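Here's the structure, in C-alpha cells; my notes come after.
The values are calculated or read from the model by the stated rules, or taken from the named source; none is laboratory data. None of the values given here were measured: they were computed from a predicted structure. Cβ coordinates were reconstructed from backbone atoms using ideal geometry, including for glycine residues, and neighbour counts include every protein chain displayed. The protein model used for the area step is the full one, side chains on, heavy atoms only, and it has no ligands, DNA or RNA in it. Shrake-Rupley method; radii C 1.70, N 1.55, O 1.52, S 1.80 Å.
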Amino acid sequence: LIVDDDSISRRIAKRVCELTTHDFKIDTTENGYQAIQFIRAAIAEQSSLLPDIILLAIKMPVMDGWSFIHEFRQLPEAATKDIDIYMVTSSCDERDKKRAVNCSTIKNYFDKPFTANVMKTILASSA
C-alpha cells in the first residue's frame, strides 16, 4: 500500500514496485485517513487486500503519517502484526527521521526519491 498525497510520487513508487515485485497487488491512497479506512475494510472483510508492506509519507493533508501510525496502533494486532511500514519521505526535518528510527511500528525510513534499490532493500528486509 502506497500512502502519499503527491500524485507523481505515488505513480513513481507504484511503477518501481511493479518493476521489482511482479507478484504483488499494489494499492494506493492519498492520505493516512484513506489508508486507515482501506485497512479497516480489509480487516472487516477478512480480505486478502490487507497489505504486507506500507510505504508511508509523513507530510499529507487530512491525516499525516504520524497520525496514521497512531491510528494504525489502535487496529487489532492480530490483523496488523505482519504488516511492515516504511516511511518514504521528502521531509528535511531531522526530527522526523529520529522519530521514525525510534518508532517500533516503523521498520525503516527512506528519503525520496523512491528507487528500485530502496524497494529491493525493503523486500530483502520484509522476507
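Select from segment 99-127 the residues that are of a type in the set (D, E, K, R) and not in a helix (DSSP H, G or I) and write down the one among them that is nearest to residue 14 (Cα to Cα). Talk me through it step by step, then tell me what you get.
Of segment 99-127, the ones of a type in the set (D, E, K, R) are 99, 107, 111-112, 120.
Filter again for not in a helix (DSSP H, G or I), leaving 107, 111-112.
Working: 107: 19, 111: 16, 112: 14 Å.
Result: 112.
Applying the criterion of being in contact with an Asp or Glu (Cβ under 7 Å, 6 or more places away or on another chain) and in a loop (DSSP other than H, G, I, E, B) to the residues of segment 1-31, the residue that is modelled with the lowest pLDDT is 26.
Filter segment 40-74 for residues that are part of a helix (DSSP H, G or I) and touching a strand residue (DSSP E or B) at 6+ places or on another chain (Cβ under 9 Å); which is surrounded by the fewest Cβ atoms within 10 Å (Cβ to Cβ)? Walk me through it before giving the result.
Step one: list which residues in segment 40-74 are part of a helix (DSSP H, G or I), which gives 40-44, 65-72.
Retained after the next criterion (residues that are touching a strand residue (DSSP E or B) at 6+ places or on another chain (Cβ under 9 Å)): 65, 68-69, 72.
On the way: 65: 27, 68: 26, 69: 20, 72: 18.
It comes out as 72.
Does residue 101 satisfy the condition of being crowded, with 20+ Cβ neighbours inside 10 Å, within 22 Å of residue 126 (Cβ to Cβ) and of a type in the set (A, V, I, L, M, F, W, C)? Considered against the rule, which asks whether it is crowded, with 20+ Cβ neighbours inside 10 Å, within 22 Å of residue 126 (Cβ to Cβ) and of a type in the set (A, V, I, L, M, F, W, C), residue 101 comes out as no. Among the criteria (1) in contact with a helix residue (DSSP H, G or I) (Cβ under 8 Å, 6 or more places away or on another chain); (2) modelled with pLDDT of 90 or more, the one residue 34 does not fulfil is (1). Picking from residues in segment 77-98 that are open to solvent by 70 Å² or more (accessible area, probe 1.4 Å) and in a loop (DSSP other than H, G, I, E, B), the one that is modelled with the lowest pLDDT is 92.
Table: residues versus (1) without any contact (Cβ under 8 Å) to a residue 40 or more places away in the chain; (2) among the acidic types (Asp, Glu); (3) in contact with a helix residue (DSSP H, G or I) (Cβ under 6 Å, 6 or more places away or on another chain).
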{"position": "13", "(1), (2), (3)": "no, no, no"}
{"position": "24", "(1), (2), (3)": "yes, no, no"}
{"position": "28", "(1), (2), (3)": "yes, no, yes"}
{"position": "39", "(1), (2), (3)": "no, no, no"}
{"position": "46", "(1), (2), (3)": "yes, no, no"}
{"position": "52", "(1), (2), (3)": "no, yes, no"}
{"position": "78", "(1), (2), (3)": "yes, no, no"}
